[in-house]
Structure formats: structure tokens, C-alpha cells
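Note sheet for the following structure.
The values are calculated or read from the model by the stated rules, or taken from the named source; none is laboratory data. All of these numbers come straight from a predicted model, not from anything done at the bench. When we count neighbours, we look across all protein chains shown, and the Cβ atoms used for this are built from the backbone with ideal geometry, even at glycine. Note: accessible area is taken over every heavy atom of the protein model, side chains too, but ligands, DNA and RNA are not part of it. Shrake-Rupley method; radii C 1.70, N 1.55, O 1.52, S 1.80 Å.
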Amino acid sequence: MTQSKTATLTTPEGQSYEFPVLSGTLGPDVIDIRKLYDSTDHFTFDPGYTSTGSCESKITYIDGDKGVLLHRGYPIEDLAEKSDFMEVSYLMLHGELPNASQKAEFTKSITYHTMVHEQLSMFFRGFRRDAHPMAIMCGVVGALAAFYHDSTDITDARQREIASYRLIAKMPTIAAMAYKYSVGQPFVYPRNDLPYADNFLNMMFSVPCEEYKINPVLADAMDKIFILHADHEQNASTSTVRLAGSSGANPFACIAAGIASLWGPAHGGANEAVLKQLNEIGHKDNIPEIIKKAKDKSSGFRLMGFGHRVYKNFDPRAQVMRRTCHEVLEALNIEDPLLDLAMELERIALEDDYFVSKKLYPNVDFYSGIILKAMGFPTSMFTVLFAVARTVGWISQWNEMIEDPAHKIGRPRQLYTGPVQRDYTPISSR
Ligand code: SDX
């Protein structure tokens, strides 16, 4: 980053203060206010962090107005079409696309970490069979710290790398175990002869009684969906991982915190909510009513899968997802009325002034649920898949923070509007 200019702030008391303006390689300049409180005895106030840059990062760049998403400089459209999830994971973690030997070595490392400690399978038995798989993910991923003490020293680069690889490798295994547990089928072990996405589909859908044939179209779509969900700058769950990590918490605990944040319907839980919403709409004749409700502030209703804090144009991932949706349904010869309904909903919303004026476009979650449903995933697993994919983004951002020698514990302040100091009154006089 470079400092090019300064910004002047004048307080109500008439004092003026200069703050450095820093420029990155892309995107808006930032006003460096790290010394603001010491200088002016004022805090900034930005609930929801709509105007706040929380860190410097080299991993992902988003231009919300242009609908641009770059991972280490590479457009998401190129990565989705030309790369694969292992290669994108290497890129996220190490900053460059791997050459053939680097890719082979990285893929082998991930493959050979896909098994989980056998004791971990006991964990599942404590959950009800109908437990939401995201609840299981929060619990089991956080518990990994109890099994892998040899990779929790965050000051040791090698241990950070091992923990990162373990998390990327074991998330699909734990996710598939959560699903198998919910349907009462035996856990399926990972196989070292299968690529990442194929291995996941096998652990999810194969049973001991017969051979499971992996449909290459589905494996390719799964890999693409992982790429599309891999990272997204400082979103709520990534910021949660960074904040948890800033205290020195171990990476397993930090990723469990990210999973918890992602679960919310305003964030990663939206893909599950989109499908529920499409099923509730049921028929395109009901779309005008749902649009009307979404526009009515007092309803508290939101059109799930629409809108975004950063994108005020199409989410480029949604466009790739829509194309993939058509490819998968065609390959499976599935006529899903929900896809027609979703496309009609998108068409009508994008012609409606409310959505146009507020720049509410379909986001990554709008089409993903339809593909996942066609691939055989239950709705309750949709956000789990998002968490599996996002783990590489979370852990890359976590590493970037820990490796920054200037990183500090995150500790925001507040605008206090509670009671001023007052004397305690005994209960007899209350
Ligand atoms: C993800 O941050 C990320 O990068 C997240 C993510 C990632 O990869 O990590 O991209 C993944 O979380 C995608 C978003 C999935 N969530 C949904 O689809 C839920 C529905 N969307 C909304 O809840 C909302 O759009 C958010 C949460 C996504 C964004 O909320 P913001 O930025 O806080 O915007 P806002 O709530 O201030 O809304 C601005 C205006 C408001 O109206 P006014 O107060 O200005 O009159 O737009 C309206 C909102 O009421 N609005 C919507 C709407 N989204 C915003 N109105 C109807 N339906 C919607 N979906």
C-alpha cells in the first residue's frame, strides 16, 4: 500500500486533524484512522461496517458496482471455467497458481489428510438423528482441536500449514458424516484414489451394498460450486474467523466460529432459505404477491438470494451458477419447475423499480440450491456445502492475518447510550 494524500477532519470544537490516505492496487483509497481516538478523543461509528476496511489483504478483490470478483487477481469466471478446486485452494493459500509438480504435491497432501480420527465418529452418536447438520459441523469442527494438538501452535508456520491442510481435507469427510448420520446410513471412508469433489460425492451418496458410479457431470459441477464459494473478501463469516484468530485462538476453533456465522440466513444460510422460499411460492402466479411482500418494509420479509452488501450489480458467481444449473439439470434430464420459477422470479424482480433502484440482484445463493437439490443434497446440507468450500478462504485469510507481524487483537469500541452511574438500591426499596 502507498500513502499518497491526507484527509483533514475538523471536530465540532474547531480542531483540525490530518489523517493519511492509503492506496491499494485496486479499489477505493482508505483513510487511515488508527490514530483518530488518540488524537481527537472521538471514535468512528459504523455498525455493520458499511464504510470500514478492517484489514489489508491480497487474497480477494470485489468491485460491487462492476460485478467483478478476483482471487489473487484471477477473475472468478476464468477460475470456474478453467481451473479446479485444488488448484484454486493452492492459489488462495500460496498466492500463485501451482505448476504441475506443486499441484500434484498439494493435492496428495490434502488427499492424505482426508481421514478423521476414529474417535471423532463417536461424537456423532451424541446428536439426535434429526439434528441440523450445521449444528453438528459447529460442534465437530470445533472439537478437532481436541484431536490435533500437534498443529495448534499458531506461531509455528509448519503447524499452521498442517492445520490448514487438515481443515481443507477433513471438512468434506465431516460434512458427509453429518449427512450419513442424519439418514441412518454407515459412514463412508474417504478414498485416496478419488479427486476431491468425487471423493466427497462418494462419501455422501455411496452405500456398502453396491458400487456407486460417480457422474462426471455432477463431480464437475460440485468442484465448480466449491470454487464459486471459496472466498469473498471480508464477509461476515470471514471477519468472524479473523476476529476469533486475532486473540490467538487455534485454527480449528476459528473455523468453527466461521461456520456458526455462515449459518445465518442473511449469509450462507440463504441458499437453504431460497429453496424453502421457492417451494412456498409454488407457482409463478404467486410471484407478484411475494414481490409485493418483499417491498413492504413492515413485512420484515426479504427475497432470499437477492441483494448484497457489496454487489450493486450481478454477482458474477450467480451468473456462473445459473449456467451450471442449466447444465446439471440437462445432464440429469431433470425438469425442475423450481428453476423455471426462479428464473421468472429473477426476471420480474429485475424489472421492478424497487429492486432496480436498490440495486438488488441475484447473489451466489439464488441458484445454488436448485443445483444442489438436483444433485440429491437435502436442503439442510446446502449451507454445510458452503462451509466446506469457504474453509479454504477462511483459513487463507486467517493465515494472512497471523503472518502479518503488525496484527493486533480486534477490539472495537462503542457509542454508549445506557444509564449514567447511579447508586445501588436494596431490594426492600425497589
Ligand atoms: C452471502 O458478504 C458477502 O460477501 C456474503 C457472501 C459471501 O460469499 O460470503 O456473498 C454470501 O451471504 C450472500 C447474501 C445472501 N443473503 C441473502 O440472500 C439474504 C437476502 N438478502 C438481504 O438480507 C440483504 O440483501 C443482505 C443481507 C445480503 C445485504 O444486506 P445489507 O447490505 O445490509 O443491505 P440492507 O439490508 O441495508 O438493504 C438495503 C436496502 C434496504 O431497504 P432500505 O432500508 O434502503 O429502504 O435494500 C433492501 C433493504 O430493505 N433489501 C431487500 C433485500 N436486500 C436488501 N429488500 C428485499 N429483499 C432483499 N433480499
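Quick notes on this structure:
- Within the stretch 167-185, the residues that satisfy the criterion of being of a type outside the set (A, V, I, L, M, F, W, C) and in contact with a helix residue (DSSP H, G or I) (Cβ under 9 Å, 6 or more places away or on another chain) are 170, 172, 173, 179, 180, 181, 182, 185.
- All helices (runs of 4 or more DSSP H) inside the stretch 294-383 with 1 or more residues being away from the ligand (no atom under 16 Å from the Cβ) and within 26 Å of residue 227 (Cβ to Cβ): 316-331, 337-349, 365-374
- When the residues of the stretch 85-122 are filtered to those that are crowded, with 18+ Cβ neighbours inside 10 Å and of a type in the set (Phe, Trp, Tyr), the one that is farthest from residue 228 (Cα to Cα) is 106.
- For the stretch 60-124, the helices (runs of 4 or more DSSP H) that sit wholly inside it and include 3 or more residues that are within 18 Å of the chain's Cα centre (by Cα) are 76-82, 85-94.
- Taking the criterion of being within 16 Å of residue 390 (Cα to Cα) and either away from the ligand (no atom under 13 Å from the Cβ) or of a type in the set (S, T, N, Q) (or both), the residues of the stretch 260-293 that qualify are 260, 261, 271.
- Being under 17 Å from residue 394 (Cβ atoms), open to solvent by less than 70 Å² (accessible area, probe 1.4 Å), part of a loop (DSSP other than H, G, I, E, B) and among the hydrophobic types (A, V, I, L, M, F, W, C) holds for only one residue in 230, 244, 257, and it is 230.
- Qualifying residue in the stretch 381-402 (condition: touching a helix residue (DSSP H, G or I) at 6+ places or on another chain (Cβ under 8 Å) and surrounded by fewer than 18 Cβ atoms within 10 Å (Cβ to Cβ)): no
- Checking each residue in the stretch 137-196 for being of a type in the set (Phe, Trp, Tyr) and in a loop (DSSP other than H, G, I, E, B) picks out 147, 148, 187, 189.
- Considering the stretch 201-214, and only residues there that are touching a helix residue (DSSP H, G or I) at 6+ places or on another chain (Cβ under 7 Å) and either without any contact (Cβ under 8 Å) to a residue 60 or more places away in the chain or farther than 24 Å from residue 128 by Cβ (or both), the residue that is surrounded by the fewest Cβ atoms within 10 Å (Cβ to Cβ) turns out to be 212.
- Sole residue being within 30 Å of residue 80 (Cα to Cα) and open to solvent by less than 60 Å² (accessible area, probe 1.4 Å), chosen from 173, 152: 173
- The stretch 207-252: number of residues that are among the hydrophobic types (A, V, I, L, M, F, W, C) and either farther than 24 Å from residue 58 by Cβ or touching a His at 6+ places or on another chain (Cβ under 6 Å) (or both): 11
- Test result for residue 60, modelled with pLDDT of 95 or more, of a type outside the set (Lys, Arg) and under 17 Å from residue 161 (Cα atoms): no
- Cβ pairs under 8 Å, 6+ apart, first in the stretch 220-249 and closer than 18 Å to residue 89 by Cα, second more than 11 Å from the ligand (Cβ to nearest atom) and basic (Lys, Arg): 234/242
- Counting only residues that are closer than 30 Å to residue 401 by Cα and aromatic (Phe, Trp, Tyr), the stretch 110-162 holds 3 of them.
Okay, residues lined up against (1) away from the ligand (no atom under 14 Å from the Cβ); (2) free of Cβ contacts under 8 Å to residues at least 60 places away in the same chain:
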| residue | (1), (2) |
| --- | --- |
| 36 | yes, yes |
| 40 | yes, yes |
| 43 | yes, no |
| 50 | no, no |
| 55 | yes, no |
| 58 | yes, no |
| 61 | no, no |
| 64 | no, no |
| 67 | no, no |
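- Scanning the stretch 20-59 for residues that are open to solvent by 90 Å² or more (accessible area, probe 1.4 Å) and assigned to a strand (DSSP E or B) turns up just one, 31.
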